[in-house]
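Shown next, in structure tokens, is the structure this report addresses.
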Amino acid sequence: MTDRLDAWGALARLREAGPLVHCITNYVAMDVTANALLAIGASPAMVHANEEVEDFVSISSALVVNIGTLSPAWVQAMERAADRAVARGTPWVLDPVGAGATAYRTRTARDLAGRHPSVIRGNASEILSLAGEVGGTRGVDSTRGAGEASGVARELARGLGSVVAVTGQVDYVTDGRRSLAVEHGHPMMTRVTALGCALAGITGAFLAVEPEPLRAAAYALALFGLAGEMAATGAIGPGTLRVRIVDALHVLDTLPQREIRIHEV
Amino acid sequence: MTDRLDAWGALARLREAGPLVHCITNYVAMDVTANALLAIGASPAMVHANEEVEDFVSISSALVVNIGTLSPAWVQAMERAADRAVARGTPWVLDPVGAGATAYRTRTARDLAGRHPSVIRGNASEILSLAGEVGGTRGVDSTRGAGEASGVARELARGLGSVVAVTGQVDYVTDGRRSLAVEHGHPMMTRVTALGCALAGITGAFLAVEPEPLRAAAYALALFGLAGEMAATGAIGPGTLRVRIVDALHVLDTLPQREIRIHEV
Amino acid sequence: MTDRLDAWGALARLREAGPLVHCITNYVAMDVTANALLAIGASPAMVHANEEVEDFVSISSALVVNIGTLSPAWVQAMERAADRAVARGTPWVLDPVGAGATAYRTRTARDLAGRHPSVIRGNASEILSLAGEVGGTRGVDSTRGAGEASGVARELARGLGSVVAVTGQVDYVTDGRRSLAVEHGHPMMTRVTALGCALAGITGAFLAVEPEPLRAAAYALALFGLAGEMAATGAIGPGTLRVRIVDALHVLDTLPQREIRIHEV
């Protein structure tokens, strides 16, 4: 399959389509997610009111749900939006931020995971928590490597019928049958808040133009990671890195194309 | 009238006054709006609780209402704040983000538009939607040019008794009798989230020092657009652009003054 | 006491520990607070739901409560979180943003101040307002110098049993018996939104590794101010300044150590 992977082609389609991506995401992530989506060529909208989420899903090409700063009214909107997305055949991404840290968060994440997301993106601790394993989440950061979670991710993907992406030093993405490893990114990215959330947004944008969720997720992981690598070159610290990642997403395909490191595992 | 327009003089008064601008705006826009207002010399405050919005309007020099991430409690606060502003003679700006995208959003925008805002700032689709035309909004982005909406804007301004500003490649601002075109800005600004919202904030700051809303809106459009032009020079992408716009607002009047392109239409 | 102050040693312990800092802060401040905390080596989490704040405090090393964009459900969560923190012996910081501006805000700030925060950080107007003095707050900015509030801060600290930090051109921090002046920072920092809020976050991170709140607050004030000075060198405006402050926090202790200007008063 990998020989037919074409991240650059998908990016070109994304730029051409400029898909409307409906995000119900956390307060911290909204700004950087919107800017990352605009930079890569999508049209983001942050819409969370129960009074309009279903209507908004209906005009969107993808939905992204992120529980980072959840509360009951927002969770209700997430559920409604997810159900509407599934009913319409609109792809949707779940980012179960901090699953495992509190009972409320874990319960909400599992409930949403059961509503047929196209892709679930989390760090190792979050994915392990979704799969019922206890421990490993420390606030919203993972204490486990992505590799530790790759077997569990495969089972989880099979059980839920969703693609599961585990991000870490190497990212794993699996649909339960096939698994891909994506080797992009830079360690300093972990010192910028909400980049994982922005990546979930970018995954939504790729789902809008790539019907196979496994591929869409791998493309998002690879190109977002590549933008991070480009941005990190010469960056003094995470302030500069964040600015340059948005710049890099904007110019990604105008530079000599770098090698995309996705391989089957 | 244009020969008496003096954007630089108004900016000097703004810097001198440092007006308190009360913003009830969306989650995505809060950060860049606050930073843009601070950079231009105003004192922004984001206050939305029903328990205090009326008190806060009463100590502010202008109010800015933006429905980007609306929900019922916030809409109620917007209504109260707007009514209090009108009762006190405090100028206020309405930014009807995404009007036309959902019924809830359109209804809310129209309700607020009927509460005597000093200035309504929107893209072409939002303004057309306020005027009762159907279609043209795609999420929170416009699918129509500002020029298409200029006639409708004039009627809307006349009907509501508000100044209407339609932003696009060229911006139009009208009080229903006179209309001005403002030719500033840069295409890359559309790839940075919430700059239109920040502009609405800046419009509030100018309303605090310029009693005629038509002029205040034109000054805000021109100088914010000019800051965007300055910022775009040499910017690699929208990450850098955003940072530099805030810088440009800070130094705008310390550099040799550029020509302000506002003309009657 | 000052001869035993060791800000750099505390920073080294912070980097080593990477403490989880639970923030219930305002919408404007979340992004820059999270990025500042990540840059200095802490692990921030923004969690506000009544359904989980107590659980989250229980796994955190410090709590930071900031009332910038308060509303009833959030205030309830702040109270619960603060009480749980005190019950567990977890240090917590109160940032009474805009106390004095409205009755609701002043009432909330005073209620929280009575719940035994380890450190209260505010500008002069906010501290005077907490102490029952009327006037001086203008929106969320102070119209009073920190020096004016230093006597009141000392009495307030004694009365509440909390350390009180008053930020301004020179910062004062007192536990009611001893008082320190911290001479760091740069005037342009007042033109970047939410830096005071980010400082409150950083104070929480130092409280996690320094048991004496007076020292923790002084270290946070000094090192955050120092990062601001480093960032201001050559910065065109507040856009660049903000990016560079995050960078500076990241590299602060990799550069030749500058003198820390803390002295008893």
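Where a number appears in this text, it was derived from the coordinates with a stated rule and is not lab data. No experiment lies behind these values; they were computed from the predicted model shown. Quick reminder, even Gly has a Cβ in these numbers, built from the backbone with ideal geometry, and neighbours come from all protein chains shown.
Let me check against my output: what whole-number percent is the relative contact order of chain B, with C-alpha pairs under 8 Å and at least 6 apart?
About 20 percent, as a whole number.
Label-to-label distances across copies for residue B:212, with labels 7 Å out along Cα→Cβ, in nm, shortest first?
The projected label point of residue B:212 is separated from its counterparts by 6.4, 6.4 nm.
Report, in debye and to the nearest 20, how large the dipole of the range A:119-262 comes out about its Cα centre when Lys and Arg carry +1 and Asp and Glu carry -1 on their Cβ.
100
With +1 assigned to the C-beta of every Lys and Arg and -1 to the C-beta of every Asp and Glu, and no other charges, what is the dipole magnitude of the protein assembly as shown about the Cα centre in debye, to the nearest 20?
So the dipole magnitude of the protein assembly as shown works out to roughly 140 debye.
Apply the Kirkwood formula to the range B:136-242: the hydrodynamic radius equals the inverse of the mean of 1/r over all pairs of different alpha-carbon atoms; give it in Å with one decimal.
14.3
Tell me, C:193, B:254, A:108 in order of fewest to most beta-carbon neighbours within 10 Å?
Ordered from fewest to most neighbouring Cβ atoms within 10 Å, C:193, B:254, A:108 come out as B:254, A:108, C:193.
What distance in nm separates the two pseudo spin-label positions at residue C:4 and residue C:255, each 7 Å out from Cα along the beta-carbon direction?
About 3.1 nm, to one decimal.
How large, in Å, is the range A:40-152 by the Kirkwood hydrodynamic radius built from its alpha-carbon pairs?
Here the Kirkwood hydrodynamic radius works out to 14.4 Å.
Go through B:204, B:106, B:45 and say which Cα lies farthest out towards the positive end of the charge dipole of chain B; charges sit on Cβ, +1 for Lys and Arg, -1 for Asp and Glu.
Looking along the dipole axis, the top candidate is B:106.
Mind telling me which of B:191, B:110, B:215 comes out most flexible in a GNM of chain B, alpha-carbon contacts under 10 Å?
Of the options given, B:191 has the highest mean-square fluctuation.
Please report, for residue A:234, the nm distances (one decimal) from its label point, 7 Å out from Cα along the beta-carbon direction, to the equivalent points in the remaining copies, shortest first.
Distances to the matching label points in the other copies: 1.2, 1.3 nm.
May I ask what percent, to the nearest 5, of DSSP beta bridges between residues of the range C:2-264 are antiparallel?
The antiparallel fraction comes to roughly 40 percent.
In the range B:224-265, if every C-alpha pair distance is counted and binned at 10 Å from zero, what percent goes to each bin?
In order of increasing distance, the bins hold 29, 48, 19, 3 percent.
Taking Cα centroids, how far is the range A:188-265 from the range A:70-101 in Å?
23
On average, how much area does the Cα convex hull of the range C:2-264 cover when viewed from any direction, in nm²?
Convex hull of Cα atoms, orientation-averaged projection: 12.0 nm².
Between B:220, B:131, B:109, find the one with the highest GNM mean-square fluctuation for chain B; connect C-alpha pairs within less than 10 Å.
The residue with the greatest mean-square fluctuation here is B:131.
Please list 3J(HN,Hα) in residue order for the range B:20-35, calculated via the Karplus relation 6.51 cos²θ - 1.76 cosθ + 1.60 where θ = phi - 60°; whole Hz, with x for glycine and proline.
Running phi through 6.51 cos²θ - 1.76 cosθ + 1.60 with θ = phi - 60° gives 7, 10, 7, 10, 10, 10, 7, 4, 5, 8, 4, 5, 5, 5, 4, 5 Hz.
Sort shortest first the distances from residue C:4 to its counterpart in every other copy, using label points 7 Å along the Cα-to-beta-carbon line, and give them in nm.
7.1, 7.1
Obtain the nm distance between the two label points defined at residue C:59 and residue A:107 by a simple spin-label model: each point lies 7 Å from its Cα along the Cα-to-C-beta direction.
Spacing of the two 7 Å Cα→Cβ label points: 1.6 nm.
Could you give the size of the charge dipole of chain B about its Cα centre, using +1 on the Cβ of each K and R and -1 on the Cβ of each D and E, expressed in debye and rounded to the nearest 20?
It comes to approximately 300 debye.
Expressed in whole Å with the largest first, what are the equivalent ellipsoid semi-axes of the range B:1-93 derived from the C-alpha gyration tensor as the square root of 5 times each eigenvalue?
For the range B:1-93, the ellipsoid semi-axes come out as 25, 15, 12 Å.
Tell me which of C:19, C:7, C:232 sits at the most positive position along the dipole axis of the range C:2-264, charges placed on C-beta atoms (Lys, Arg +1; Asp, Glu -1).
Highest projection toward the positive end goes to C:232.
Under a 5 Å amide H to amide H cut-off, with H placed in plane at 1.01 Å, what residues pair with residue A:64 once short-range neighbours are removed?
Amide H to amide H, under 5 Å and 5 or more residues apart or across chains, residue A:64 pairs with A:22, A:23, A:24, A:93.
So for the protein assembly as shown, what percent of the C-alpha to C-alpha distances run longer than 42 Å?
Result for the distance tail: 26 percent.
Taking the Cα centroid of the range A:35-69 and of the range B:151-172, what is the distance between the two, rounded to the nearest whole Å?
So the two Cα centres are separated by 28 Å.
Nearest-5 percent of antiparallel DSSP beta bridges in the protein assembly as shown?
The antiparallel proportion sits near 40 percent.
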